[in-house]
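The next block holds one structure in the form of structure tokens; read it before the comments.
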Amino acid sequence: WKMVWGTDHLDVVYIDGGSAHGALCTADGNAYTWGCNAFGMLGHGTSLHAYDRPTLVEFFPRLGKKVVAVGAGGYIGWDGAFTLFLLEDNSLYYAGMLGGSESHETPVRIDCAALEGRHILSISAGEDWAAVVASRRR
């Protein structure tokens, strides 16, 4: 067991770790990321360096949106690396490179026809995959 350095003041409700980075969200709806920032996967608006401690992803507070779950995907050489963010309004965002997409250093919304009319129940991310569990169509 190892405590994530710099989180003792945070009310962490959801946490996930990828092969080279981590992500968490807090009870007040903020997302924090740390670790390798290849492809901008931490969502801090840059891909210039790694972050050695959990750092607020400022994009969501600026939007006035709260994050309720995160998924820290893998770092697959040059094929991509990403972080997923599920928001309380049932929208899904990612930062980095997901599924051969171009790299995004700031989170972008995922628009997926298969999720229309469904409530997202859970998200997860692994070395080279992302998964979304959603309700049946309403």
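General observations
- Restricting attention to the stretch 109-121, the residues that are open to solvent by 50 Å² or more (accessible area, probe 1.4 Å) and in contact with a Leu (Cβ under 8 Å, 6 or more places away or on another chain) add up to 2.
- For the stretch 20-67, the tally of residues that are of a type in the set (D, E, K, R) and out of contact with any Gly (no Cβ under 9 Å at 6 or more places or on another chain) stands at 2.
- Residues satisfying the stated conditions in the stretch 6-32, i.e. of a type in the set (A, V, I, L, M, F, W, C), under 16 Å from ALA50 (Cβ atoms) and either touching an Asp or Glu at 6+ places or on another chain (Cβ under 9 Å) or crowded, with 21+ Cβ neighbours inside 10 Å (or both): ALA23
- Conditions (1) at pLDDT below 95; (2) surrounded by fewer than 17 Cβ atoms within 10 Å (Cβ to Cβ); (3) β-branched (Val, Ile, Thr): number failed by THR106: (1)
- Counted residues, the stretch 58-98 - those being in contact with a strand residue (DSSP E or B) (Cβ under 9 Å, 6 or more places away or on another chain) and within 15 Å of GLY18 (Cβ to Cβ): 18
- Test set (1) farther than 15 Å from TYR32 by Cβ; (2) open to solvent by 40 Å² or more (accessible area, probe 1.4 Å) - VAL68 fails condition number: (1)
The values are calculated or read from the model by the stated rules, or taken from the named source; none is laboratory data. Nothing here was measured: the structure is a model prediction, and the numbers come from that model. Every residue, glycine as well, gets a Cβ built from its backbone with ideal geometry; the counts of neighbours run over all protein chains shown. For the accessible areas, the whole protein counts, side chains as well, though only heavy atoms, and no ligand, DNA or RNA atoms are used. Shrake-Rupley method; radii C 1.70, N 1.55, O 1.52, S 1.80 Å.
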